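Here the structure comes first, spelled out in structure tokens, and everything after it is commentary.
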Amino acid sequence: MSYAIVGFGAVGQALARMFARKGIDVTVASRHPPEALAPQANAIGPMVVPKTLKEALDADIVMLAVPYWQHREVAKARASWKDKIVIDVTNSLEDLGGVPSSSVIAQTLPGAQLVKAFNHLPARVLAEDPAINGGRRVVFLSSDDESAAATVAALVEQLGYAPVNLGKIAEGGLLVQARDGIWGPLIFQDLFKKGQ
């Protein structure tokens, strides 16, 4: 399984630290050329490899860590999203007519298996070690595709977190998304699961 992070700001770099911490190779890309990302990538570790956006989108699992409004630009960079797992890490306070932002993004990535995850914690918290006092930091996820959700839950475990599946995007997924300018109730909730 190959992984890519699209967007290499504070959130993208925090996600890259997760992979580096566990010794898992990950490609990183943004609107900037790979050489512009190299200093930050090298500072995180050798497992973090900058590539072009087009190259990064060839990964099996793509983490979308760009500002919400940039998702359309990313969508245009790939001809087909069929069978691609996309983890939506974006957040938006825009008024989308009551529709979850992940549903809007899914429409721009036809064929992609979209999973909402890693978006409820600030970058500084995501960058921290998820294991504290015998517990693991919780990562909420939601998806309309059960198979993709299970794959992402396994990745969440591999990265050292405790996955909590909230169900479909329009149901439990609303708990970790903004709607009508208001944050969902689980946004910014830094929870830990004990044991296991």
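Read the figures in this text as sums done on the coordinates, not as results from a lab. Being a predicted model, the structure only gives us computed values, none of them experimental. Because the Cβ atoms are built from the backbone with ideal geometry, glycine has one as well, and the counts that use them run over all protein chains shown.
Set the Förster distance to 22 Å, then compute FRET efficiency between Lys193 and Lys22 from the Cβ-Cβ distance, nearest 0.05. Efficiency computed from Cβ-Cβ geometry: 0.80.
As a proxy for reagent exposure, Asp190, Asp88 were ordered by neighbouring Cβ count within 10 angstrom, fewest first; the result is Asp190, Asp88. Among Val99, Val86, Val26, whose mean-square fluctuation peaks in a Gaussian network model of the chain (Cα, cutoff 10 Å)? It is Val99.
Antiparallel beta bridges, as assigned by DSSP with both residues in segment 3-194, represent about 30 percent of the total such bridges.
Over segment 105-164, how many percent of alpha carbon pairs lie in each 5 Å bin up to the one with the longest distance? Final binned percentages: 4, 18, 25, 22, 15, 10, 3, 1, 0.
With each label modelled as a point 7 angstrom along the Cα→C-beta vector, the Gln158-Ala77 pair spans 2.1 nm.
Applying D = kT/(6 pi eta Rh) to segment 52-93, where Rh is the Kirkwood radius over alpha-carbon pairs, T corresponds to 4 °C and eta to 1.567 mPa s, the Stokes-Einstein value obtained is 120 µm²/s. Residues whose amide H lies under 5 Å from that of Ala162, counting only those 5 or more places away or on a different chain, are Arg137, Val138, Val139; hydrogens are built 1.01 Å from N in the peptide plane. Note on Ala123 and Asp60: their simple-model spin labels are 2.9 nm apart, each label 7 Å out from Cα toward Cβ. P(r) tail, the chain: Cα-Cα pairs separated by more than 25 Å, 30% of all pairs. Can you compute the helix-only [θ] at 222 nm over the chain? Use -39500 (n - 2.57) per DSSP H run of at least 4 residues, normalise by all residues, nearest 500 deg cm²/dmol. It comes out at -8000 deg cm²/dmol, rounded to the nearest 500.
Taking the Cα atoms of segment 130-196, the ratio Rg/Rh between the radius of gyration and the Kirkwood radius comes to 1.00. Taking only the Cα atoms of segment 62-162, the ratio Rg/Rh comes out at 0.98, with Rh defined as the Kirkwood radius. With R₀ set to 22 Å, the beta-carbon distance separating Thr108 from Ala36 gives a calculated FRET efficiency near 0.30. Summing Cβ point charges (Lys, Arg +1; Asp, Glu -1) relative to the Cα centre of segment 3-194 gives a dipole of roughly 280 debye. When the chymotrypsin sites (Phe, Trp or Tyr not before Pro) in segment 37-133 are filtered for DSSP coil states and for at most 14 other beta-carbon atoms within 10 Å of their beta-carbon, no site remains. Sorting Thr27, Thr52 by the number of Cβ atoms found within 10 Å of their own Cβ, with the fewest placed first, yields Thr52, Thr27.
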